[in-house]
Amino acid sequence: MKIFGLIGYPLSHSFSKKYFTQKFAKENIKDCSYELFPIEEIDQLPELISNIRELRGLNVTIPYKEKVIDFLDELEEGAKAVAAVNTIRIADQKLTGYNTDVFGFEKSLRGFVEKSRRGFPEKALILGTGGAAKAVHYVLEKLGIKSLMVSRSIDKGQLNYTDLDALIIKENQLIINTTPLGMSPDVQSFPSLPYREIGSDHLLFDLVYNPGKTVFLEKGEDQGAAIQNGLDMLYGQAEKAWEIWNQ
Ligand SMILES: NC(=O)c1ccc[n+]([C@@H]2O[C@H](COP(=O)([O-])OP(=O)(O)OC[C@H]3O[C@@H](n4cnc5c(N)ncnc54)[C@H](OP(=O)(O)O)[C@@H]3O)[C@@H](O)[C@H]2O)c1
């Protein structure tokens, strides 16, 4: 028996548990299960690992993506660069940390750009400055796309929302929402942008996946932009975790 699971706190609804449970059933994978481990403190991780001998891999969610790093033996390059881990491989009593959001975003972005027939963008705006924004920034840098982070506070990003004028929007063909704005149940909220400056050369990527078309994407689409939601990225990061656990 091989056990996989998710650590975080609290764990109310979990995409990963549903995804892997359905995957095991659909692909007739018989010797695996996926469990939820809502640990109240990250210090409980070593005990969890020594108590469950069959544990082969974990996903990590809020609030432990950064805190878990102190408990790992090794970090893969992307996780190190972003300083956040969402996947752990457990093998030969060694814990290795990965960031599969990096992989999921890169795969999804490449597919989106190709499908959009807009050509590869040179410059991008990243809305938000949290963990997902750092993963996005790392990928864009790797792909040679210059990016600026947009924040509500003056000391966090390179730009404020009030700086976003016609020229900045025109210069940055790719705009990525990494804020939770638009996410269910607050579906009417959206990032504050001069949407009228968006045109048919633009690509709008939303990391939010529920609903499938946020107001941010709807407004971009109305201006002729190509749009992409976060669902493909979500599946991409989960499949990458599975690949890592089975290496
Ligand atoms: N599709 C996927 O696979 C995938 C993967 C990872 C994350 N996500 C989604 O991406 C989003 C962000 O995740 P995260 O882990 O980076 O969260 P996070 O660490 O909380 O960061 C979100 C950032 O958004 C900005 N923000 C927060 N509330 C805001 C508001 N009301 N108005 C404007 N900006 C706001 C903040 O930046 P400032 O304070 O600088 O403004 C904050 O740092 C979530 O919706 C998450 O579900 C999707």
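Consider region 114-137. How many of its residues are closer than 12 Å to I176 by Cβ, more than 8 Å from the ligand (Cβ to nearest atom) and part of a loop (DSSP other than H, G, I, E, B)?
1
Is it fair to say Y235 is more than 15 Å from F112 (Cα to Cα) and hydroxyl-bearing (S, T, Y)? Don't jump to the end; show me each part of the working.
Details: more than 15 Å from F112 (Cα to Cα): no; hydroxyl-bearing (S, T, Y): yes.
Criteria not met by Y235.
One line per residue, one yes/no per condition, for (1) without any contact (Cβ under 8 Å) to a residue 24 or more places away in the chain; (2) of a type in the set (V, I, T); (3) in the same structural domain as G144 (by TED's automatic domain parsing):
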| residue | (1), (2), (3) |
| --- | --- |
| E76 | yes, no, no |
| T87 | no, yes, no |
| A91 | no, no, no |
| G111 | no, no, yes |
| G131 | no, no, yes |
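Let's see how each residue does on (1) touching a residue at least 40 places away in the same chain (Cβ under 8 Å); (2) in contact with a Ser or Thr (Cβ under 7 Å, 6 or more places away or on another chain):
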residue: G182; (1), (2): no, yes
residue: P185; (1), (2): no, no
residue: P191; (1), (2): yes, yes
residue: P194; (1), (2): no, no
residue: I198; (1), (2): no, no
residue: N210; (1), (2): no, yes
residue: T214; (1), (2): no, no
residue: L217; (1), (2): no, no
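So that you can scan it fast, the table gives a plain yes or no per residue for (1) surrounded by fewer than 15 Cβ atoms within 10 Å (Cβ to Cβ); (2) modelled with pLDDT of 95 or more; (3) closer than 26 Å to G236 by Cβ:
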site	(1), (2), (3)
K23	no, yes, yes
K30	yes, no, yes
Y34	no, yes, yes
I49	no, yes, no
I52	yes, yes, no
G57	no, yes, yes
E77	yes, yes, yes
A81	no, yes, yes
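Among the strands (runs of 3 or more DSSP E) contained in region 158-247, which hold 1 or more residues that are over 18 Å from S147 (Cα atoms) and more than 8 Å from the ligand (Cβ to nearest atom)? Can you show your working first?
Numbers: elements: 174-177, 203-206, 226-228.
In region 158-247, the matching strands (runs of 3 or more DSSP E) lie at 226-228.
If we keep just the residues of region 138-153 that are assigned to a strand (DSSP E or B) and touching a strand residue (DSSP E or B) at 6+ places or on another chain (Cβ under 6 Å), which is surrounded by the fewest Cβ atoms within 10 Å (Cβ to Cβ)?
K146
Scan region 223-244 and give yes if some residue there is outside the structural domain of M149 (by TED's automatic domain parsing), modelled with pLDDT under 95 and exposed (fewer than 14 other Cβ atoms within 10 Å of the Cβ), otherwise no.
no
The values are calculated or read from the model by the stated rules, or taken from the named source; none is laboratory data. Quick caveat, the model's predicted, so the values are computed rather than measured. So basically every Cβ, Gly included, is an ideal-geometry build from the backbone, and we count neighbours across all protein chains shown.
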